[in-house]
Amino acid sequence: MEVVLLGTGCPQCDPGRRGPATLVRAGGAALLVDCGSGVTQRLVEAGTPGAAIDALLLTHLHTDHLVDFYQLVVSSWHQGRARKQRIFGPPGTRAFVEGTMALWAVERAQRIAHEQRPSVAAFDMDVTEIEPGGTFAIEDARVTAVAVAHRPVEHAFGFVVEADGRKAALSGDTAYCPALVEAARGADVLVHECFVHAEMKPVPGVRSAATVAAVRAYHTTPGEAGRVAREAGVGFLLLNHFVPTRFDRGAVLDEVRREFAGAVAVGEDLMRYDAAARRLFHRDAAIGFGS
């Protein structure tokens, strides 16, 4: 099982941290969790282009988690995808997918007629709307949806992926969530969002103190992410989806360390974790963890 952070950013525009997206390779399946801005380029960089994705899992229907959905569809068609798109997401996913496809229908018809590619199957949508606790299989990977605390968003999920005797938990967007702790128990790796509260100051004309408090209310601080990892007894904590995108990495680690003594990394785009080998790769660096 491998987890690749494709995008570790947020709605803030930062070329170093693209929009939220994570690739999980498990049980013979390539699973894409969310499709934030820049995901199609990151997939190519990670060696698994959109055409090779077996399923897209949407944690919730916020724009930063799905804004590149149609780009994913079109680019996978250009890459030769000859099978339908499989999409799993919360209630409302079907309406989102159908609405997006309808919006681009005229342009798509023109492309199909002019480019004369051998297949249009990549434009067929197989949408499954999931419920909390819902479990489904993709190849030999078993996926479970976990309801998380992202109010006022009504339907928000984390995911647990199990295959080959390994387990990965992905938080999605959430405040501290006991249900996630239980679902992630004993996971080899927990990929958890991170709200860096020390860096979020009111800025006149941009965000008020009330804005900061509102955003803080449905996200997780570094210390809280560490608490989740400790209570769940996970093997490795991999932080991602940083709000804001620029922060003191050492300070974040210090805050996590006050709650969690295990292995932890501040995630970066294209960072890759091999759960079986307990190895972390980023750029030219390779880091091995003890058993």
Got a sec? Which residues in the stretch 10-29 would a label at residue 215 touch, if it sits 7 Å along Cα→Cβ and we count backbone N under 13 Å? 10-14
Out of the stretch 69-151, which chymotrypsin sites (Phe, Trp or Tyr not before Pro) are coil in DSSP terms and have no more than 13 other C-beta atoms within 10 Å? none
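To the nearest 20 Debye, how big is the dipole of the chain about its Cα centre, given +1 on the beta carbon of each Lys and Arg and -1 on that of each Asp and Glu?
Using only the charged Cβ atoms, the result is roughly 280 debye.
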Per q in 0.19, 0.27, 0.29 Å⁻¹, report the Debye log10 I(q)/I(0) for the stretch 105-163, using one uniform scatterer on each alpha carbon and no solvent. -0.77, -1.10, -1.21
Considering the stretch 178-230, what Rg and Dmax in Å follow from its alpha-carbon atoms? 13.9, 45
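What are the semi-axes of the equivalent ellipsoid of the stretch 1-92, taken as the square roots of 5 times the eigenvalues of the Cα gyration tensor, listed largest first and rounded to whole Å?
Ellipsoid semi-axes (Å, largest first): 18, 15, 13.
Run the helix sum for the chain: -39,500 (n - 2.57) per DSSP H stretch of 4+ residues, divided by residue count, reported at 222 nm to the nearest 500 deg cm²/dmol.
Helices in the chain give a 222 nm mean residue ellipticity of -7500 deg cm²/dmol.
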Which loop-located trypsin sites (Lys or Arg not before Pro) does the stretch 127-216 contain, where loop means any DSSP state but H, G, I, E or B and the Cβ has at most 12 other Cβ atoms within 10 Å? none
With equal scatterers on the alpha carbons only and no solvent term, can you work out the Debye log10 of I(q)/I(0) for the chain at 0.11 1/Å? -0.61
What number, in nm² with one decimal, is the all-direction average of the projected area of the convex hull of the alpha-carbon atoms of the stretch 1-160? 9.3
What length, rounded to one decimal in nm, is gained on full extension from residue 179 through to residue 113, with 0.36 nm per residue of separation minus their alpha-carbon distance? 18.9 nm
Approximate spin-label separation residue 251-residue 282, in nm, with each point projected 7 Å along Cα-to-Cβ: 1.8
Can you give the accessible area per residue of the chain, in Å², using a 1.4 Å probe? 42
Taking a ≥ b ≥ c as the square roots of the Cα gyration tensor eigenvalues, with a/c under 1.5 meaning rounded and otherwise prolate when a/b beats b/c, else oblate, which class fits the stretch 216-291? oblate
Ordering of 20-27, 54-61, 256-263 by packing [mean C-beta count within 10 Å, highest first]: 20-27, 54-61, 256-263
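The values are calculated or read from the model by the stated rules, or taken from the named source; none is laboratory data. Note that this is a predicted model, so its numbers are computed, not measured. Positions of Cβ are backbone-derived with ideal geometry, glycine not excepted, and every protein chain shown enters the neighbour counts. We work out accessible area using only protein heavy atoms, side chains counted, and drop any ligands, DNA or RNA first. Shrake-Rupley method; radii C 1.70, N 1.55, O 1.52, S 1.80 Å.
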